[in-house]
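Everything on this sheet refers to the single structure shown next.
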Amino acid sequence: MSFRRSLETLEINEIIMSEEKIKSLEEIFEARIARDEKIEPKDWMPEKYRKTHIRQMSQHAHSEIIGMLPEGNWITRAPSLRRKVALLAKVQDEAGHGLYLYSACETLGISRDELYDQLHSGKAKYSSIFNYPTVSWADMGAVGWLVDGAAIINQVPLCNTSFGPYARAMVRVCKEESFHQRQGFEIMLKLCRGSEEQKAMAQDALNRWWWPSLMMLGPVDAESVHTEQSMKWKLKRKTNDELRQQFIDQTVPQADLLGITVPDPDLKWNEETGHYDFGEINWEEFWQVVKGHGPCNKERMSARVNAWDNGKWVRDAAMAHAEKKELNKLKKVV
Ligand code: FAQ
């Protein structure tokens, strides 16, 4: 019996299971969460826990593979061999992150094909940040510094998330993100210590990437439909607003060190709270991008769908080869 079938059977069993039995399973599950025990794929879990993990992990996986596109575009135009090698390694890492995350999703009984289908049909979301254009080399610096910087802040707490395969995937992902963030910061540093023109490129990239990077961490807590439940299940360990504040507090001193200005006239250190106060985020823009009306949504989706369609012959050939090999093995046994 396949793993998916066994999950379906489990669902049917749940339906015919007495309410009392389910309640006791729920209590055991909640107690395990309270003890910070990891939940593993074959353990009993509430259906909503399973579904919300598939939702978040698959959105995360989609973000990684769509996130390769704005940077992949710059590999051939990197200004030196060193930069090219580093960017190439970063983009490859992102493909790897997508694969770990898709595999983690599959342990919950959904197939890779279904997940891709959800992405390609526009049913599934991916991070808003990857719908912005990368127009200059400085954008490679800003993406690494800011986007990977925000990703690390979001993902380090996820190393401690309650679902085992997600938590374990995040440990490796975070190590690699840390290299990504540093390669981005190094690009920015080099530009900021270069000519006036180069410094202006770095400032321009910061101007364009700052606000989308803040948005990337999700809507404000009051508007975040999933946070409350996800915090209870220890899927999320910090709220969107907590992560955003941490990102701002960490990044502003780095901008100061670079000698460039964060494009927020309301940004101010607050002695009382020990945090930076910051200006109003344009949430209307965020929701427009999430709904598919950002500057590059169409371009990203068509690049992704075309790559998938153009690669069909490779997948078919690999499958045909695998089947042939299997058949030969069987023939030898007989
Ligand atoms: N974009 O209730 P919440 C990376 C949606 S990886 C689009 O707050 P939640 C590495 C949300 O899905 C970047 N949609 O949701 C890299 C929900 O809609 P739904 C991705 C967004 O899940 C770097 C609705 O709004 N990282 O950068 C966004 O509790 C460089 C309500 O929101 C992850 O996915 C958004 N920004 O909190 C790669 C990390 N924000 O599903 C290449 C894991 C929210 O009901 C280059 N994910 N929405 O239809 C998370 O931590 C969470 O899912 C949040 C959102 C914090 C993103």
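Checking the structure you have, find out if any residue of the stretch 184-202 is within 13 Å of the ligand (Cβ to nearest atom) and either in a helix (DSSP H, G or I) or closer than 24 Å to Asp266 by Cβ (or both). Yes, because at least one residue in the stretch 184-202 is within 13 Å of the ligand (Cβ to nearest atom) and either in a helix (DSSP H, G or I) or closer than 24 Å to Asp266 by Cβ (or both). Among the candidates Asp277, Asp266, Asp256, Asp249, the residue that is over 27 Å from His120 (Cα atoms) and either within 16 Å of the ligand (Cβ to nearest atom) or in contact with a Gly (Cβ under 7 Å, 6 or more places away or on another chain) (or both) is uniquely Asp266. Scanning the stretch 238-259 for residues that are in contact with a helix residue (DSSP H, G or I) (Cβ under 9 Å, 6 or more places away or on another chain) and either modelled with pLDDT under 95 or not in a loop (DSSP other than H, G, I, E, B) (or both) yields a total of 14.
Selection of helices (runs of 4 or more DSSP H) fully inside the stretch 19-129 by the criterion of at least 3 residues being surrounded by 15 or more Cβ atoms within 10 Å (Cβ to Cβ) and near the ligand (Cβ under 10 Å from one of its atoms) returns 47-72, 81-106.
Of the numbered criteria (1) in a helix (DSSP H, G or I); (2) within 25 Å of the chain's Cα centre (by Cα), the one Val262 fails is (1). Here is a check on your reading of the model: is Gly259 small (Gly, Ala, Ser), on the phi < 0 side of the Ramachandran plot and surrounded by fewer than 19 Cβ atoms within 10 Å (Cβ to Cβ)? In short, no. Taking the stretch 216-235 only, how many residues are more than 6 Å from the ligand (Cβ to nearest atom), within 24 Å of Gly67 (Cβ to Cβ) and of a type in the set (S, T, N, Q)? Result for the stretch 216-235: 0.
The values are calculated or read from the model by the stated rules, or taken from the named source; none is laboratory data. Predicted model only: the values in this text are computed from it and were never measured. A quick note on method: Cβ atoms are made from the backbone with ideal geometry, for glycine too, and the neighbour counts reach across all protein chains shown.
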